[in-house]
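Worksheet: the structure to be examined is printed underneath.
Every number in this text was worked out from the coordinates using simple rules, so none of it is lab data. Remember, predicted model here, so these are calculated numbers, not experimental data. Quick reminder, even Gly has a Cβ in these numbers, built from the backbone with ideal geometry, and neighbours come from all protein chains shown.
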Amino acid sequence: MKDENCGYCMGGELLDKFGIPICKLGVSDLVLFKEQSKKGRCIVAYKDHVSEIVDLSEEERNAFFADVNKVAKAIHKAFSPDKVNYGAYGDTGSHLHMHLVPKYKDSEEWGSTFDMNPQKTFLSENEYKEMIKLIKANLE
């Protein structure tokens with residue numbers, strides 16, 4: 001099932017508002033979050049338009065978390081964060097997805113929750129391409 005108003009389902013302009021597609025994973029799509037105040041921040045979005053983790057079978061849930069784990073490993077290898085925070089929200093957008101947010105000691109928001117979209121750090125097209133290349137090179 002797809003929702004015509006969902007950026008994760010439809011891609012294109014809807015996704016372009018906040019993210020850049022990186023690649024498809026086992027049961028998910030990997031998206032680079034455009035706002036990069038947390039260097040390497042990505043989103044793992046489930047392949048189908050489901051709202052809750054409980055909407056998945058055990059097998060689907062395990063495959064989703066395997067994708068999240070794969071991306072977390074890539075982020076650790078590529079960017080060496082001190083911690084990766086995981087956020088699964090969706091009050092206004094009901095597509096199951098998880099934000100993977102690298103956190104760095106002695107940087108803004110260390111020791112607290114991350115700001116969903118601080119609108120502070122955006123990169124050039126070439127910088128996004130290089131970041132995507134680095135993430136992809138570290139996916140196992």
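Relative protection proxy for 37-47, 128-138, from highest mean packing down: 37-47, 128-138 (other beta-carbon atoms within 10 angstrom).
Sparsely packed loop sites in region 1-88 (the GluC sites (Glu not before Pro) outside DSSP H, G, I, E and B with at most 15 other Cβ atoms within 10 Å) comprise GLU4, GLU52. Label point of ASN85 set 7 angstrom out along Cα-Cβ; within region 37-64, amide nitrogens under 17 Å from it belong to 37-44. With a cut-off of 19 Å, note down the residues of region 51-94 whose backbone N falls inside the zone around a label point 7 Å from the Cα of ALA137 toward its beta carbon. Counting backbone N atoms under 19 Å from the label point, the list is 71-81.
Here the simple spin-label model places points 7 Å from the Cα toward Cβ, and for GLU58 and ASN126 these points are separated by 5.2 nm. Cβ screening of the chain for cysteine pairs under 4.7 Å finds these without a partner: CYS23, CYS42. Residue ranges 104-110, 82-88 sort as 82-88, 104-110 when ordered by packing (mean number of other C-beta atoms within 10 Å per residue, highest first).
The angle between the Cα long axis of helix 125-138 and the longest principal axis of the Cα atoms of the chain comes to about 70 degrees, rounded to the nearest 10.
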